[in-house]
1. How much net charge surrounds residue 104 when only other residues with a Cβ under 14 Å from its Cβ are counted (Lys, Arg +1; Asp, Glu -1)?
2. If I model a spin label as a point 7 Å beyond the Cα along the Cα-Cβ vector, how far apart are those points for residue 12 and residue 317 in nm?
3. Any aspartates and glutamates with Cα under 19 Å of the residue 382 Cα? List them, leaving off those in the same chain fewer than 8 positions away.
4. What residues qualify as long-range amide H neighbours of residue 328, i.e. H under 5 Å apart, gap of 5 or more or another chain, H built at 1.01 Å from N?
5. Please arrange 170, 187, 250 by counting, for each residue, the other beta carbons lying within 10 Å of its beta carbon, fewest first.
6. Where the only charges are on Cβ atoms (+1 Lys, Arg; -1 Asp, Glu), what is the dipole of region 141-243 about its Cα centre, to the nearest 20 debye?
7. Can you give the three extents of the C-alpha atoms in the chain along their principal axes, from longest to shortest, in whole Å?
8. To two decimal places, what compactness ratio does region 280-334 give when its Cα radius of gyration is scaled by 2.2 N^0.38 Å?
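What follows draws every value from the coordinates through simple rules; no lab data is involved. Since we're looking at a predicted model, the values are computed, not measured. Glycine gets a Cβ as well: all are built from the backbone with ideal geometry, and neighbour counts include every protein chain shown.
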Amino acid sequence: MRLTVEEQKMLEGKYGYPAQKAMEILVQLGEIYNAEEMVPVSNVHMPGSSVVVAGEAGTKFVEMMAEKGGKFRAFTTLNTAAIDFELWKEIGFPEDTYKLQDRLTRAYETMGGVACHTCTPYLIGNTPRFGENVAWGESSAIAFVNSVLGARTNRHGGPSTLAAALTGYVPAYGYHLQENRYGHVLVNVEAELDGIDDYGSLGYWVGKIVESKVPVFTGIPQNVTIDQLKMLGAALASSGSVALFHIVGVTPEAPTLEAAFGGRQPELVLEFGKNQLSESQNSLNKQQGQEISLVAIGCPHASISEIEMIAKMLVNKKLHAGVELWVITAIPNKAYAERCGYKAVIEAAGGRLVSDTCPILSPMAYVAKEKGYSAIATNSAKLAHYAPGQWALPTYYGSVERCINAALTGKF
């Protein structure tokens, strides 16, 4: 790789050990992918922020970088943690997980990380501009920042995002290069999409087919919401490994079909109609008639508009006995919800706003076993995909209205 004078100085240790180690990681990564040079990044979203992922070894590595004077050169937000720092005891997360998570978060903060602990940093102020090179982790956030915002990132893990934060650089390969950002598969959407869950069903069906290729959608209305796009990307990245998608007339790199494909012909054409919508929903909602123990909404983290909608459904109502309701969101949105009165309504009904964490990146298997959960319900295709394997629990999938009804009646 061709390195600039500054990059070479980092590699030689002239900026300290953390920057040197980070540049070594990035050079090796670049050589693996045949990158010719680095590109500067001023924005990072750190996926290795949960101790469920990092473990003791990863935590010690981050602590070592902090102890040796590492400082982030790029604005860096932290992805979800393994616990809710405020409610961890009430929820039932283990104390040893809390202590380890506290160590990891403090180490990141020492180096300059913003401990927002959310998978939707774009909803709370970390919003890169169009065309900006960034280094983001977390599959749904990657899909959103690439596709909806038009910034440029590859699918980064903990080590490479930490290296990017410490140096301000990443290798120029993959989605940082324009030639790799054009579409591969055309998806003609003929089904009428209604709620957020329909967009999750669409993404889940397409992701299984296209895997890591770039899908281009037609037939999605121009008034599609941010929450619907968020859920589409999360599902695409769960059943497949999609990091970039285009929607003709909606997303910034697809003003026309020709622009989305860069003048090329699609490798494959898919039709998504009523039958495919039903097929996808049924694949995620295999259980029938079992009592519900937990309803989880907010994977990815719920926006303030989603919280408002849930609160309106719960006015003067009470959850069914034995059912927990989690509305999972970022700390700033929890604060907005409290100011707007939504938090009080949800709590009066018996639910709770959970922050900092995510069911997928927390020790939920332990909590489910300790509390004796029988089944869960969610409006998230991503959570419905992962929960049965991670928690060994029956999982129901459907609209937010169906999920709230399940919380009120005890059955889906």
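1. On the way: positive: 60, 99, 103, 106; negative: 56, 63, 67, 96, 102, 109, 356.
Around residue 104, the charge tally is -3.
2. In this crude label model, residue 12 to residue 317 measures out at 6.7 nm.
3. The qualifying aspartates and glutamates are 138, 194, 197, 198, 211, 227, 279, 306, 356, 401.
4. The list, which skips near neighbours in sequence, is 297, 298, 302, 354.
5. Ranked by crowding around the Cβ, least crowded first: 250, 187, 170.
6. Details: 6 positive and 8 negative charges, 107 e Å.
With only Lys, Arg, Asp and Glu charged at Cβ, the dipole is about 520 debye.
7. 65, 53, 37
8. Numbers: Rg = 13.3 Å, N = 55, 2.2 N^0.38 = 10.1 Å.
My calculation over the Cα atoms of region 280-334 gives 1.32.
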